[in-house]
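Following: one structure in structure tokens, then a few remarks.
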Amino acid sequence: MDQSVIKKEPIGEGKYIYVSPHHTFGTDAVLLSHFARPRKNDKAVDLGTGCGIIAFLMLRDGKCQSSYGVDISDEAIELAKKTKEEYNFNGFTPVLSDLKDLKGKVPFGSNTLVTCNPPYKAPQAGLKNPDSVKSVARHEVECTLEDIIAVGAKLLQTGGRFCMCQRPERLAEMMSLMRKYKVEPKRLRLVCKCVGASPWLVLVEGRRCGNTALSIEPTLYVEDGNGNFSDEMIQIYGSYKEAYL
């Protein structure tokens, strides 16, 4: 990995995360971390962890006990290891692996929370980036949406929660696959740029072997009527809002 392109991004409370042009993070990852509502005793797994932002945000606030971060990219795992070592994120365990070959590397059937900010584009949707690393991050090149949900279900204990974000046009597909693998959709929230705009992101929580009952939460608006970040967005960004808002 070219050390000259690595940089630090602040995540609040005096902590930083290492990122690269291939593995950085955006609003969707921050929103998913917040939506997941991690609990102090949660044993979490973040699939396709990239630079590890979702896991590190949850661990930073002491909102989960531990988290595995799984990624197929050597570069991503090296970044996550660097952050872990420098900022003492001892509850984080980086795992270099294809998620379809995860058995024996991460405990199955015993985790309470699985998160995933997946590639949004289906294999044949749009032009692929010629940069192979970026292509894997954005298109279902190495795994499909079904692969992600199938392994997420195996990782969870009964009653465990699976939280994912995705583009709204793939919502029906995502919820159908969740039910196929006995992860019952329980919470759904749409994210819009502003009032009157179409949603650009959907956040969904499913529960392993849960009962049928879906709660639709109020729409999250990123901006207020003046083009500034909404009060809720400022609250979500929390202690590191000054760095980004």
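The values are calculated or read from the model by the stated rules, or taken from the named source; none is laboratory data. What you are looking at is a predicted structure, and each value in this text was computed from that prediction instead of being measured. Heavy atoms of the whole protein, side chains included, go into the accessibility calculation; ligands, DNA and RNA do not. Shrake-Rupley method; radii C 1.70, N 1.55, O 1.52, S 1.80 Å.
Observations, loosely collected:
- Candidate aspartates and glutamates for bridging to K43, where Cα separation is under 17 Å - those fewer than 8 sequence places away on the same chain excluded: D61, E205
- Kirkwood analysis of the Cα pair distances in the chain returns a hydrodynamic radius of 18.2 Å.
- Rounded percent of accessible protein surface that carbon and sulfur make up, segment 66-123, 1.4 Å probe: 47
- The chain: most fluctuating residue of M175, M164, M58 per GNM, C-alpha cutoff 10 Å: M175
- Excluding ligands, DNA and RNA, the accessible surface per residue across the chain is 47 Å² with a 1.4 Å probe.
- Phi to ³J(HN,Hα) by Karplus 6.51 cos²θ - 1.76 cosθ + 1.60 over segment 93-100, Hz, x for Gly, Pro: 10, x, 10, 8, 6, 5, 5, 7
- E85 - accessible surface, heavy atoms, 1.4 Å probe, Å² rounded to 10: 140
- Using the empirical formula 2.2 N^0.38 Å as the baseline, the Cα radius of gyration of segment 147-202 reaches a ratio of 1.25.
- For the chain, built as a Gaussian network whose Cα springs stay under 10 Å, the top-fluctuating residue of G210, G50, G160: G210
- Taking every DSSP helix (H) stretch of at least 4 residues in the chain, weighting each as -39,500 (n - 2.57) and dividing the sum by the residue count yields a mean residue ellipticity at 222 nm of -8000 deg cm²/dmol.
- Stokes-Einstein diffusion for segment 32-110 at 37 °C, viscosity 0.692 mPa s, with a Kirkwood radius from C-alpha pairs, works out to 264 µm²/s.
- For the chain, averaging the sequence separation of C-alpha pairs within contact (under 8 Å, six or more residues apart) and dividing by the residue count gives a relative contact order of 16 percent.
- The HN-Hα couplings worked out from phi for segment 146-155 by the Karplus form 6.51 cos²θ - 1.76 cosθ + 1.60 (θ = phi - 60°) are 5, 4, 4, 5, 4, 6, x, 4, 5, 6 Hz, whole numbers, x standing for Gly and Pro.
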